[in-house]
1. For the chain, take the longest principal axis of its alpha carbons; what is the angle in degrees between that and the long axis of helix 404-421, to the nearest 10 within 0 to 90?
2. For the range 191-238, which GluC sites (Glu not before Pro) are both in a DSSP coil and crowded by at most 14 other Cβ atoms within 10 Å?
3. Consider all pairwise Cα distances in the range 201-280 and report the whole-number % of them above 16 Å.
4. On alpha carbon coordinates alone, what is the Rg over Rh value for the range 252-592, Rh being the Kirkwood radius?
5. If each DSSP helix of 4+ residues adds -39,500 (n - 2.57) and the sum is divided by the residues in the chain, what number results at 222 nm, nearest 500 deg cm²/dmol?
6. For the charge dipole of the range 252-592, defined by +1 on Lys and Arg C-beta atoms and -1 on Asp and Glu C-beta atoms about the Cα centroid, which residue among Tyr333, Ala463, Leu438 has the Cα displaced farthest towards the positive pole?
7. Can you compute the modelled spin-label distance between Glu236 and Thr216, with each label point 7 Å from Cα toward Cβ, in nm?
8. Which three extents, in angstrom, do the Cα atoms of the range 256-381 have along their principal axes, listed largest first?
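Here, each number is a calculation from the coordinates, and none is a lab measurement. Everything quoted here is computed from the prediction, not taken from an experiment. FYI the Cβ positions are ideal-geometry reconstructions off the backbone, even for glycines, and counts take in every protein chain you see.
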Amino acid sequence: MCGIVGAIAQRNVVPILIEGLKRLEYRGYDSAGLAIVEDGQLYRKREVGKVRGLEALIAQDAIQGNIGIAHTRWATHGKPSTANAHPHVCRDKVAVVHNGIIENHEQLRNNQKAVGYEFTSETDTEVIVNEIYGALENTDNLLGAVKESIKKLEGAYALGVVAKDHPNTLIACRKGSPLVIGVGIGEYFIASDVAALLPVTQRFMFLEDGDVAEITIDKVVIYDKDDNLVDRSIKESQLKADSVEKGLYRHYMLKEIYDQPWAISEALEGRFIDNRLQESAFGHNAGEVFDQIESIQILACGTSYHAGLVARYWFEKLAKVPCNIEVASEYRYRKPIVPPGTLVVTISQSGETADTLAALQEAKKLGAKYSLAICNVPESSLVRESDLVMMTRAGPEIGVASTKAFTTQLATLLLLVIAIGRRFGLTKELENKISSELFSLPGKIEAVLQLDDKIKQLSEQFAEKQHALFLGRGTHYPIAMEGALKLKEISYIHAEAYPAGELKHGPLALIDAEMPVITVAPNNSLLEKLKSNIQEVSARGGQLIVFMDETLAAENDVNVQIIKMPPVENEISPIIYTIPLQLLSYHVAVLKGTDVDQPRNLAKSVTVE
């Protein structure tokens, strides 16, 4: 996951590139760089670390120009280093920035070495710039050289290209990775994300998969995947330059709840080619690792632990692979056994959770050969400690109570279930069904967010409450746990979650009119059993709030209040049923006057044991 910015203008574009990189820094910041074409020369500056390091480097040795590309990197091929930082340059003539993974880079590298190319990095990107340089040897058309070169690339990419001998041309193309063109007045820009360009424009053309664009100072010409000239309409963004902050939302948490359709889209973007999940999204050697896997061990804390609990159901039901999950803070103190062929999966929003890091290190000591991190922060310790990585791409999450980080964890875990399941009998039909459901998630989440006003009214019932129970069955028991945690974290109401079938084994003694019971009831095979549990509460005077599929025949009564949910497929229903519980917790906290974004005694990243 990397950030790309580019510009061609009648002014110095270096400040624009630097500001754009700062706004994309959530996409990766182990290194940053830019390349400028000016006065017949190609100038490049790169620095390890965050964008401010690059900015300081340029302040010491200023460069300027009217055309350039820039990049902030999260390492996939090659460790973080100046040599591996983008842009990559071939023989001081061509520069490229790249987001994505080139799957056949080793073959291309060997071919290029055989004809005399020398490599200065460990990246897959360097083969791209070499191919373009080689194509330019036979043509003086930069667009034609790029078109010829990308025919040889297998995988996903978004590219920005400039060349010393073509000082008035910026080339942009995408396949499987996002790229937009910003339209200014007598100037154009490219970026991985609209947010990068909001200070300079709010007008954008969104490139489609397979598009190649030739951008000059006065026009943009776009070719589609079949090399046909096409028009991409200009759309006016409703976002403002400051909308990457809290904006009009009262709290960051509410903004982040509403960010989830976008966040899920980001989590999926670039990881499918022709609607098929690319295993290289987990790392360039992921396929080889997955071939060795016989079981899964998940380690996580808090909200991430709940995501892992859902994934255990998925791994065993859908992928048919044994899966164990443990609270990371307990794992290294009980002398666990790590069977051969175990993939240790760690989950953490920050990647700096001390207990999770320690658990991973303990697993390695006990013989674990394979590890995979699911994380939201590219340069974090957990990422560096792991063999494979799947970034959740949730973007910065300011609110301490995790929302979009949780749902993107679930989405990426379901991607892992697909990848592992291929080795254990997951049928192509079921894989296609799950993929289709994942693609539908943003729209379905939008539909659930329409219940916000109704849930806000519902929250008034909690104004004087001190306790609550959450119930769920199957994959929705962990969702009940997550709902209880959210209510505890930000409203300070004592809340607990139980598998609904356990209610009669003790918790039923707590039921009275002062103990609201919140239940998630999707339309699945456990519904009839859940209805029986609901009746157990209602018969004892308990006040029930039930989030239920709207297709089911059920109505409110004296003790039961039903919130009808849009229909949803079983595989993704845990993600969808998370949303109303987030909204409920948020509105209860607001009603109680707590500090929603910074609840007492809690921190976003728990870096101590």
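1. The angle comes out near 80 degrees.
2. Details: sites: Glu208, Glu214, Glu236; in loops: Glu208.
Here the sparse-neighbourhood loop sites are Glu208.
3. Details: 2189 of 3160 pairs.
Tail of the P(r) past 16 Å holds 69 percent of the pairs.
4. Over the Cα atoms of the range 252-592, Rg/Rh equals 0.96.
5. Values: 18 runs with 201 residues, N = 609.
Taken over the chain, the calculation gives -10000 deg cm²/dmol.
6. Most positive-ward Cα: Tyr333.
7. With each label point 7 Å from Cα toward Cβ, the separation is 3.0 nm.
8. 42, 33, 29
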